[in-house]
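The next block holds one structure in the form of structure tokens; read it before the comments.
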Amino acid sequence: MNQPDHTNRREFIRGRSTLRALQDLAETVIGETPPAHTQPPGQASSRAESCLAEISRRAMACEFQILWDMDRYGPATDTALKALDLVDQLESQLSVYQSDSEVSRLNRHAGQRPIPVEPGLFQLLEHCKTLHEQTAGCFDITSGPLSRLWGFHRRQGELPEPVHINETRRQVGSQWLELEADQQTVHFTNTGLEINLGSIGKGYALDRCGELFQDADIQDYIIHGGMSSILAAGSRYPARSNEPGWWVALRHPLKPEKRLAEIRLQDGALGTSGSANQFFYHQGKRFGHVLDPRNGHPADGVLSATVMAPTAALADALATAFFVMGPEAAFQYCEAYPPLAALFVLPGSRQGSHEIQTWGLSADAWKPSDVND
């Protein structure tokens, strides 16, 4: 695996007031100071004035950021730097945009013979294949050729001919992904197969970072990758039993500059999938970049799907699968595989409006924001 170039990486560490630090996360994380009447007269709350340390780095085509309480975990800086170094290493292993990555080598050679892979990658591929089976093909790491066909690889969408969609679909399907556990090898039984871990890679990286924090006995932190993948442990205010977890904000899928809702995360992860950033219009119809691997066409009928799960990899993967499945099938999945929670944003009855449907979110775990349609 390539080592990160420390001379060129972009990162920073700083400690600031809670609200300022959290607001700079583009309102992904919501900070809350206690009401004035909860403090003794003339005495400021030490928790309210405590500082968050923040470190960030550009990786996997997004910004990874880590926040922790500087007062309680000052030495966490070294752990946070190790975590971001790990993200760099994982990008070098998983990216299809780096020709010497392990995944790129698989795509070149696994169609000809079984290829041994690193144990962590093998376990991740096993997880992906299991999710493909559980979601009836809605989650599929082999759908990259379809994305290229529709032009989304170049961020220039185009409507392909039906015959080309059908031809490309013959190269898609995780059932062609053969994993040999004893030898830790990967073989593509369809020579046209290729894998792309973009729908789960950020979440997997967050989980691996979380393992470093747990090993260092750092129990309260939050990490996000690109604001759509978030892992939270412990609490922002551990001393306050009535304020567990961390509040995070969801962006409005139609109005990205606005907040749609806030969700409390505690010892869990959140992933969001939507097509607000990549889409095109053809003859008045909107085509988003999230494709349904089962038919080769963009998924329709959902504005965004958000999943809360025990791990960030699972939250990321299911957010994509749920976007394809729609709420009815997704809620059936949640019932069969607890503990999960989900929030869907769907088109409303009026042009430009929306409605929200949830599963498994208690009243004190989320709250909609006051957003006018």
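The numbers here are math on the coordinates, done by the rules we state, and not lab data. As the structure is a prediction and not an experimental result, all values here were calculated from the model. Here Cβ is always computed from backbone atoms with ideal geometry, including for glycine, and neighbour counts include all displayed protein chains.
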Q) For Met308, Met70, what ranking results if the residue with the fewest other Cβ atoms within 10 Å of its Cβ goes first? A) Met70, Met308
**Q.** Residue-span extension gain [Glu63 to Trp176] - 0.36 nm each, minus C-alpha spacing
**A.** 37.3 nm
Q. Given H placed 1.01 Å from N in the peptide plane, which residues other than close sequence neighbours of Trp366 have an amide H under 5 Å from its amide H?
A. Arg264
Q. Using modelled backbone amide H atoms (1.01 Å from N, in-plane), which distant-in-sequence or interchain residues come within less than 5 Å of Leu303's amide H?
A. Val345, Leu346
Q. Computed FRET efficiency, Cβ-Cβ of Glu243 and Asp215, R0 30 Å: what is it to the nearest 0.05?
A. 0.70
Q.
What does the extension gain come out to for Gln156 and Arg105, with contour length at 0.36 nm per residue minus their alpha carbon separation?
A. 15.7 nm
(Q) I need to check one value: relative contact order of the stretch 102-188, counting alpha carbon pairs closer than 8 Å and at least 6 residues apart, in percent. (A) 42
**Q.** Equivalent ellipsoid semi-axes - Cα gyration tensor, the stretch 102-188, angstrom
**A.** 26, 14, 12
Q) How would you rank Arg251, Arg108, going from fewest to most other Cβ atoms within 10 Å of each one's own Cβ? A) Arg108, Arg251
Q | ³J(HN,Hα), Karplus 6.51/-1.76/1.60, whole Hz, each residue of the stretch 172-186, x for Gly, Pro | A | 10, x, 5, 5, 8, 8, 9, 10, 10, 5, 4, 9, 6, 10, 10
Q. What is the distance, in nm, between label points placed 7 Å from the Cα along the Cα-to-Cβ direction at Leu81 and at Gln351?
A. 5.6
**Q.** Hz values of 3J(HN,Hα) by residue in the stretch 191-196 - Karplus curve (6.51, -1.76, 1.60), Gly and Pro given as x
**A.** 5, x, 6, 8, 10, 9
Q. Using the count of nearby Cβ atoms within 10 Å as a rough guide to exposure, how do Thr311, Thr272, Thr306 rank from fewest to most?
A. Thr311, Thr272, Thr306
Q | Mean Cβ neighbour count within 10 Å, used as a protection proxy, ranking 98-106, 313-321 highest first | A | 313-321, 98-106
Q: Amide H neighbours of Asp292 under 5 Å, at least 5 residues apart or on other chains, H built in the peptide plane: list them.
A: His297, Ala299
(Q) I need the per residue convex hull volume for the stretch 194-323, using only the alpha carbons, in cubic angstrom as a whole number. (A) 116
Q | Sequence ranges 226-235, 339-348, ranked by mean other-Cβ count within 10 angstrom, highest first | A | 226-235, 339-348
Q) Gain in length, Val163 to Ser362, computed as 0.36 nm per residue apart minus the alpha-carbon separation, to one decimal in nm? A) 67.0 nm
